[in-house]
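The values are calculated or read from the model by the stated rules, or taken from the named source; none is laboratory data. Only a predicted model underlies this, so the values are computations on that prediction, with no experimental measurement involved. Cβ placement follows ideal geometry from the backbone for every residue including glycine, while neighbour counts extend to all protein chains displayed.
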Amino acid sequence: MRLGGFIKESGIVAATTLGAGIFALPYVFAVSGWLTGLFYLCIFSIIIILVHFIYFRVLEKIREKNRLLGLIRTYLGSYAFGFGIFVVLAGLVLTLVVYLILGSQFIKILFPNLSPVAATLIFWLLATTPFLFKERRSVLLETGGIALMAAAIVFIFFTSNPSGALAQLKIFDVKNIFLPFGAIFFSLAGWTAIEPVYGIEEDAKKNLTIPGQPYLAMICGTTGTALLYLMFVMGILGSVLFITPDTISALVGWQRFKIIIIGVLGLSAIWTSYLPIGLEIKNSLESDLSWKPLYGLVLVAFLPPMLFLLGLNNFLKVIGLVGGVFVSLQYLFIVLVGKKVLDPPGIKKLLFHLASAIFILAAAYEIYYFIVG
């Protein structure tokens with residue numbers, strides 16, 4: 001096995017997956033119950049890994065460097081493509097809004113005297129500056145971000161009382177049984193990592209490799225992230241006096257040195273995650289919609305802060321909307337494209353239909369919750 005390639009692929013999957021959603025998890029575990037949260041975390045990890053397998057197999061079979069929007073246009077038709085533009089790009093843009101919300105709060109805990117607007121502006125400048133330079137994903141930057149975030153999680157876990165937190169948590173709460181859905185699904189989603197993983201495999205065709213390496217990398221990247229999420233939940237709940245939807249607001253009772261450590265590491269990790277998502281939007285606009293590079297850059301740079309300033313700044317609601325609606329529909333499109341390209345036989349086709357139904361029901365419920373909840 002090419003160890004270097006395996007580590008790189010696993011790192012890309014983990015770096016793309018581990019992100020802003022982690023800060024919603026302690027709250028949804030606390031409110032819905034630890035058993036409910038653990039159930040969703042395990043089930044969604046399995047579902048997402050399987051859909052990633054489908055996406056990789058699609059890319060392998062067609063051997064085209066087409067992104068998801070291009071595949072939707074080719075295999076599902078013009079109407080699906082029009083809806084897909086909205087689902088994929090709007091979901092990714094809203095993900096950047098989530099990162100703006102969190103990034104500004106990390107700036108605030110490091111510099112408490114800053115106003116919320118100033119904190120948001122500072123993070124926005126930090127996050128958009130890399131787009132002005134060479135426009136490509138940096139594996140070193142992304143794996144560095146995941147290493148920093150993992151270090152922060154381990155630090156929180158081992159300086160807290162996780163067993164005490166578990167003893168105090170409710171097992172489940174029927175009234176909030178669906179609350180974790182959007183947040184956990186958003187937290188585990190990472191389909192944008194599959195395209196670069198496929199690219200690494202294509203570039204390494206001439207090297208000796210073991211079949212199944214990219215699939216193992218996808219499993220390790222996603223399950224490793226899920227384990228880090230669980231450590232973070234137990235570490236936070238075992239070290240704060242109260243819990244808030246964004247977690248960061250609950251850190252005020254911590255020692256100042258601990259807040260600074262977590263603030264720096266968390267800010268670094270969020271900053272490194274902002275770039276690949278922004279590049280995915282920009283590249284999709286250029287390759288699938290034939291936009292000029294400057295237009296894509298302007299949209300990625302200015303649309304997220306505009307939405308934030310217009311009032312889209314409730315962390316839990318935005319993350320639920322993105323995860324429950326847009327991410328669910330993005331995965332639905334991957335399954336539908338996979339069904340067309342791979343033409344699965346018998347029981348496998350039934351599983352494709354089952355996955356499609358799950359994603360449709362999830363999106364419908366989250367829209368309902370966003371409107372009336």
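So the values come out like this:
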quantity	calculated
Segments classed as helices (runs of 4 or more DSSP H), wholly inside segment 175-265, with at least 1 members that are farther than 30 Å from residue 63 by Cβ and touching a Gly at 6+ places or on another chain (Cβ under 9 Å)	180-188, 213-237
Check on residue 255, more than 24 Å from residue 144 (Cβ to Cβ) and under 16 Å from the mean Cα position of the chain (by Cα)	no
Among (1) surrounded by fewer than 22 Cβ atoms within 10 Å (Cβ to Cβ); (2) within 22 Å of residue 68 (Cβ to Cβ) - the single one residue 326 does not satisfy	(1)
Complete set of residues in segment 108-120 that are part of a helix (DSSP H, G or I) and more than 24 Å from residue 321 (Cβ to Cβ)	109, 110, 118
Extreme residue, surrounded by the fewest Cβ atoms within 10 Å (Cβ to Cβ), among residues of segment 278-300 that are within 19 Å of the chain's Cα centre (by Cα) and farther than 24 Å from residue 74 by Cβ	300
Residue that is surrounded by the most Cβ atoms within 10 Å (Cβ to Cβ) [pool: residues in segment 13-69 that are at pLDDT below 90, basic (Lys, Arg) and out of contact with any Ser or Thr (no Cβ under 9 Å at 6 or more places or on another chain)]	61
Among (1) farther than 14 Å from residue 23 by Cα; (2) surrounded by fewer than 20 Cβ atoms within 10 Å (Cβ to Cβ); (3) hydrophobic (A, V, I, L, M, F, W, C), the one test that residue 217 misses	(2)
Helices (runs of 4 or more DSSP H) contained entirely in segment 1-89, each with at least 1 residues that are among the acidic types (Asp, Glu)	3-17, 34-62
Positions within segment 334-373 being farther than 18 Å from residue 178 by Cβ and not in a helix (DSSP H, G or I), in sequence order	343, 344, 345
Total residues in segment 44-91, condition of a type in the set (Phe, Trp, Tyr) and closer than 19 Å to residue 281 by Cα	4
Pairs with Cβ under 6 Å, 6+ apart, first in segment 106-126 and touching a residue at least 12 places away in the same chain (Cβ under 8 Å) and surrounded by 15 or more Cβ atoms within 10 Å (Cβ to Cβ), second polar (S, T, N, Q) and part of a helix (DSSP H, G or I)	119/104; 120/104; 123/104
Subset tally (residues that are outside any helix (DSSP H, G or I), touching a helix residue (DSSP H, G or I) at 6+ places or on another chain (Cβ under 9 Å) and either over 25 Å from residue 24 (Cβ atoms) or at pLDDT 90 or above (or both)) for segment 281-333	2
Search result, residues across segment 338-369 that are touching a helix residue (DSSP H, G or I) at 6+ places or on another chain (Cβ under 8 Å) and closer than 16 Å to residue 184 by Cβ	358, 359, 362, 363, 365, 366, 369
